[in-house]
Amino acid sequence: MKKFLRRILTRPVLWLANKYTSQPDKDRVQKALTDLYTNILANPDKKGPIVQFDSSQNFIILSDQHKGAKNGSDDFAVAEKNYLAALDYYYQKNFYYITLGDSEELWENSWASVKKHNTASFEKEKLFRDKNLFIKIFGNHDLYWDNDPLASFELEKLYGQKTRIYEGAVLQTKINEKVIQILLTHGHQGDAVSDGNVLSKWFIANVWAPLQSFLLLNPNTPAYDHNLKTEHNRMMYEWSAQQPQTLLITGHTHQPIFESLTHLERLYRQLSQAKEKNDEARIKKLEEQIDMKRHEGESIPDFTAYKPGYFNTGCCCFIDGDVTGIEVADNMIRLVKWKYTNETPARIILEEAPLEKFIDW
């Protein structure tokens with residue numbers, strides 16, 4: 001019966017969730033990002049810190065863990081081993097860890113329940129906090145950290161010391177005597193659900209959470225909500241395209257973006273280049289990859305972004321357990337994936353580019 005209900009209810013429930021809970025507005029997105037960026041630069045540490053770095057300091061940026069209560073609606077559970085392995089790797093290499101929002105799923109769960117069932121993850125995060133290599137940014141699913149009077153007390157108990165919660169952060173570095181700035185934020189700005197939409201909160205609490213738990217529905221796959229994700233990413237891109245020598249890294253949509261393009265878009269661009277060179281072997285390989293991505297549910301959005309300044313971390317709760325993130329390391333920026341290979345977590349570089357590339361775009 002559950003399988004039958006899942007088959008007939010998945011699409012309508014997700015359609016209703018998308019229709020009534022997420023309505024990004026371009027003007028609000030643009031204003032919110034500009035206000036945040038300006039505020040951080042003018043008043044560091046109020047809404048976010050400025051972190052200056054050189055090639056000796058490396059960063060890993062992850063988002064959208066959606067840590068839950070290890071029940072049927074916990075999207076993070078299947079990815080937890082990849083997440084823990086990733087944090088082990090980055091801690092051993094002395095990376096700075098920035099978690100970019102929606103780290104905890106507090107729409108569907110109480111904080112007490114999330115804390116109880118995710119001890120291992122919080123202990124790994126605490127290692128970075130102990131070394132002052134940790135920034136925690138809130139998203140729309142963990143707004144609790146920003147607006148609950150007990151949040152600062154709970155964070156202090158969790159990490160063993162006072163821990164600020166921010167809306168964003170700016171990384172600054174110099175390459176060839178020119179400054180490059182990277183604005184980091186969750187990316188929910190301008191989305192109606194994130195601004196306190198009453199209907200959306202009612203839907204999550206009273207309809208979506210119970211249905212997701214009972215039917216084991218997971219919306220964190222490219223097959224769902226794809227048009228909305230593309231539209232929100234387009235708005236993020238349009239803002240970033242107006243900011244010279246500034247990169248924008250967000251999360252929120254669960255759709256990895258590198259240099260303003262989805263992975264599928266980059267494959268199509270590479271295919272076009274291979275055809276120009278009559279590289280038959282390369283053409284065959286790329287066509288196979290494209291077919292695989294299309295079977296996974298990805299489609300080609302009308303997203304003609306060519307300025308390379310927008311990046312999206314993806315998420316840490318894909319249905320197959322994959323974890324994606326952005327590394328800023330060794331004067332490079334990389335889109336990486338942690339996936340299970342023979343049930344063992346493995347790091348894979350999906351895309352990379354030198355930071356120098358972004359000096360004069």
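Can you pull out the residues in region 122-140 that are of a type in the set (Lys, Arg) and buried (at least 17 other Cβ atoms within 10 Å of the Cβ)? Even if it seems obvious, please write down each step before you answer.
Quick first cut of region 122-140, residues of a type in the set (Lys, Arg) only: 124, 126, 129, 131, 136.
Listed by number, the residues that qualify are Lys124, Arg129, Lys136.
Taking region 179-197, which residues are at pLDDT below 90 and either farther than 25 Å from Thr230 by Cβ or in a loop (DSSP other than H, G, I, E, B) (or both)?
So the first thing to find is which residues in region 179-197 are at pLDDT below 90, and the list is 188-197.
Result: His188, Gln189, Gly190, Asp191, Gly196, Asn197.
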Hey, any hits in region 90-103 for a residue that's within 19 Å of Pro345 (Cα to Cα), surrounded by fewer than 17 Cβ atoms within 10 Å (Cβ to Cβ) and assigned by TED's automatic domain parsing to the domain that holds Leu171? yes
The number of residues in region 104-121 that are buried (at least 20 other Cβ atoms within 10 Å of the Cβ), within 22 Å of Lys162 (Cβ to Cβ) and of a type in the set (D, E, K, R) is 1
Selection from region 308-337 of residues among the polar types (S, T, N, Q) and surrounded by fewer than 24 Cβ atoms within 10 Å (Cβ to Cβ) yields Asn331
Here is a list of conditions, (1) assigned to a loop (DSSP other than H, G, I, E, B); (2) at pLDDT 95 or above, and Phe122 meets all of them except one; can you say which number that is? (1)
Scan of region 338-361 for residues that are surrounded by fewer than 16 Cβ atoms within 10 Å (Cβ to Cβ) and part of a strand (DSSP E or B), ordered by number: Thr341, Thr344, Ala346, Ile348, Ile349, Leu350, Glu352, Ala353, Pro354
Would you pick out the residues in region 323-337 that are in contact with a helix residue (DSSP H, G or I) (Cβ under 7 Å, 6 or more places away or on another chain) and either modelled with pLDDT under 90 or assigned to a loop (DSSP other than H, G, I, E, B) (or both)? Asn331
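Taking the residues in region 20-79 that are in a helix (DSSP H, G or I) and among the small types (Gly, Ala, Ser) as candidates, determine which candidate is surrounded by the most Cβ atoms within 10 Å (Cβ to Cβ).
Step one: filter region 20-79 for residues in a helix (DSSP H, G or I), giving 20-21, 26-42, 77-79.
From what's left, among the small types (Gly, Ala, Ser): 32, 42, 77, 79.
Values: Ala32: 21, Ala42: 9, Ala77: 19, Ala79: 26.
Result: Ala79.
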Inside region 241-274, can you point out the residues that are over 24 Å from Phe318 (Cβ atoms), in a helix (DSSP H, G or I) and touching a Leu at 6+ places or on another chain (Cβ under 9 Å)? Leu271, Ala274
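Restricting region 247-283 to residues that are of a type in the set (S, T, N, Q) and surrounded by fewer than 19 Cβ atoms within 10 Å (Cβ to Cβ), which is nearest to Glu327 (Cα to Cα)?
First, pick out the residues of region 247-283 that are of a type in the set (S, T, N, Q): 250, 253, 255, 260, 262, 270, 272-273, 278.
From what's left, surrounded by fewer than 19 Cβ atoms within 10 Å (Cβ to Cβ): 270, 272-273, 278.
Working: Gln270: 23, Ser272: 28, Gln273: 27, Asn278: 34 Å.
Result: Gln270.
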Checking the structure you have, find out if any residue of region 344-352 is of a type outside the set (Lys, Arg) and touching an Asp or Glu at 6+ places or on another chain (Cβ under 8 Å). yes
Pairs only if they're at least six apart or on different chains, beta carbon under 6 angstrom, first in region 12-35 and under 16 Å from Thr230 (Cβ atoms) and among the β-branched types (Val, Ile, Thr), second at pLDDT below 60 and in a loop (DSSP other than H, G, I, E, B); list them, first residue then second. none
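Out of Lys115, Lys178, report the one residue that is within 26 Å of Gln243 (Cα to Cα), in contact (Cβ under 8 Å) with a residue 24 or more places away in the chain and of a type in the set (D, E, K, R). Can you show your working first?
Working: Lys115 fails: within 26 Å of Gln243 (Cα to Cα).
Answer to the selection: Lys178.
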Residue count, region 316-353 (criterion: among the small types (Gly, Ala, Ser) and at positive phi): 1
Looking at (1) farther than 18 Å from Gln189 by Cβ; (2) modelled with pLDDT under 90; (3) part of a helix (DSSP H, G or I), can you tell me which one Arg282 breaks? (2)
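The values are calculated or read from the model by the stated rules, or taken from the named source; none is laboratory data. Computed from a predicted structure; not experimentally measured. Using ideal geometry, Cβ is built from the backbone for each residue, glycine included, and neighbour counts are taken over all protein chains shown.
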